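Working notes for the structure below.
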């Protein structure tokens, strides 16, 4: 099979021939229909205290069709998405997941596509644990289903915030996660959603999802909840400055370097800060159900579909701010 392989920082991904995986006991193999390019993939290939291993095949936002099954849970032809998780060697023999039920929060868990030993879905085929796979409803196309992972991040952030019914919400950043938060904040009953985004094209995408858009977060007036979806130094401090008395800030963006805040700003306003990470299996199921029923429509988020040959160039282009939100890879194209 063909796959996009990371070799070193500063080098583009290489399209190479890899051995097609074979389903081991408890696993399935699926033919990848679509895989999203995630900001985490981009960051993982940049200089870091914990650099990505050479030989890693990235990709953890995927949907596909089962071609092999070594599990009674699935059969060839089933359409699935999956949580991109691989438990540690202590928990893997059980075939049921993390024994402490920590999921993505377990420090010993490995993310498919972010370690060389667990190849991801920037490839024609992917092996994964059957207990992390979820069948895609018949009414839902695989292209939309491939958005489940980033959408689940947005759903998790909104759920962790608490009740948004009747609230004024500010979303800082209109990348895929900010757009996902916007969708679920609307579904949760927020009466006003303002999205702050300096990029004109991304502001237009947020407007298509029903948000009021502004260039700068300072333009929002007294939001009850602020979702920080950027992860750049200084943005959290900015959110603390503009938050009103007793406001709540939900930190969704992943800042990969040390940042500075002035606690006194938050203390004087009695702000609440909620940090969030990832999602749960239940949230994947909720996303699929809401997509299938039409309760959310993330179509504007998809701004490009490419084949594997175009991936190295697109991957490098996405390192720079631009008009794209979610670009999907179709390995068969």
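Distance in nm between label sites at residue 259 and residue 333, each 7 Å beyond Cα in the beta-carbon direction?
For the pair residue 259/residue 333, the computed spacing is 3.3 nm.
Which order do 122, 279 fall in if you start with the one that has the fewest other Cβ atoms within 10 Å?
Details: 122 29, 279 24.
Going from least to most buried by this count: 279, 122.
Based on the alpha carbon coordinates of the chain, what radius of gyration and maximum Cα-Cα distance (Dmax) apply, in Å?
19.7, 59
Based on the Kirkwood radius over alpha-carbon pairs, what value in µm²/s does the Stokes-Einstein equation return for the translational diffusion coefficient of region 122-191 at 37 °C and 0.692 mPa s?
Value of D from the Cα-based Kirkwood radius: 235 µm²/s.
Starting from 0.36 nm per residue, how many nanometres of slack lie between residue 187 and residue 216 once their C-alpha separation is accounted for? Intermediate results must be reported in sequence, preceding the final value.
Numbers: separation 29, 0.36 × 29 = 10.44 nm, distance 2.41 nm.
This chain segment gains 8.0 nm when fully extended.
Which percent, nearest 5, of DSSP beta bridges in region 151-275 are antiparallel? Can you show the working numbers first?
Numbers: 0 of 20 bridges.
About 0 percent, rounded to the nearest 5.
For region 151-275, what does the equivalent ellipsoid look like in terms of its semi-axes, each the square root of 5 times an eigenvalue of the Cα gyration tensor, given largest first in whole Å?
20, 16, 14
With the contact rule set at Cα under 8 Å and sequence spacing of 6 or more, what percent relative contact order holds for the chain?
Working: 775 pairs, mean separation 61.0, N = 333.
Relative contact order comes out at 18 percent.
Counting other beta carbons within 10 Å of each residue's own, what order do 20, 96, 144 fall into, fewest first?
So the ranking, lowest neighbour count to highest, is 96, 20, 144.
Using alpha-carbon positions, what is the distance between the centroids of region 218-248 and region 168-206, in Å?
If you average the Cα positions of each part, the centres end up 13 Å apart.
Could you compute Rg(Cα) / (2.2 N^0.38 Å) for region 155-223, with N its residue count?
Values: Rg = 10.8 Å, N = 69, 2.2 N^0.38 = 11.0 Å.
Compactness ratio reported: 0.98.
Dividing the Cα radius of gyration by the Kirkwood radius, what Rg/Rh value follows for region 263-333?
On the way: Rg = 18.6 Å, Rh = 16.1 Å.
For region 263-333, the value is 1.16.
Kindly state, to the nearest 0.05, the FRET efficiency for residue 89 paired with residue 116, given R0 = 22 Å and r defined as their beta-carbon distance.
Plugging the Cβ-Cβ distance into 1/(1 + (r/R0)^6) gives 0.85.
If r is the Cβ-Cβ distance from residue 276 to residue 65 and R0 is 51 Å, what FRET efficiency results, to the nearest 0.05? If you can, show how the numbers build up before the last one.
Numbers: r = 32 Å, r/R0 = 0.62.
About 0.95, to the nearest 0.05.
Separation of region 75-144 and region 262-327 by C-alpha centroid, Å?
The two parts, judged by their Cα centres, are 19 Å apart.
With runs of 4+ DSSP H residues as the only contributors, calculate the mean residue ellipticity of the chain at 222 nm using -39,500 (n - 2.57) per run, divided by the residue total and rounded to the nearest 500. Could the numbers behind the result be given before it?
Values: 9 runs with 80 residues, N = 333.
So the calculated ellipticity at 222 nm is -6500 deg cm²/dmol.
Please report the antiparallel percentage of the DSSP beta bridges confined to the chain, to the nearest 5. Intermediate values should be presented prior to the final figure.
Details: 28 of 52 bridges.
Restricted to the chain, the bridges split so that about 55 percent are antiparallel.
When ranked by the protection proxy of mean other Cβ atoms within 10 Å per residue, highest first, what sequence do the peptides 239-247, 168-176, 98-106, 81-89 form?
Values: 239-247: 18.1, 168-176: 27.0, 98-106: 14.2, 81-89: 20.9.
For the peptides 239-247, 168-176, 98-106, 81-89, the packing ranking is 168-176, 81-89, 239-247, 98-106.
Any read-out appearing in this document is the output of simple, stated calculations on the displayed coordinates, not a laboratory observation. This is a predicted model, so every value here is computed, not measured. Neighbour counts run over all protein chains shown; Cβ positions are idealised from the backbone, glycine included.
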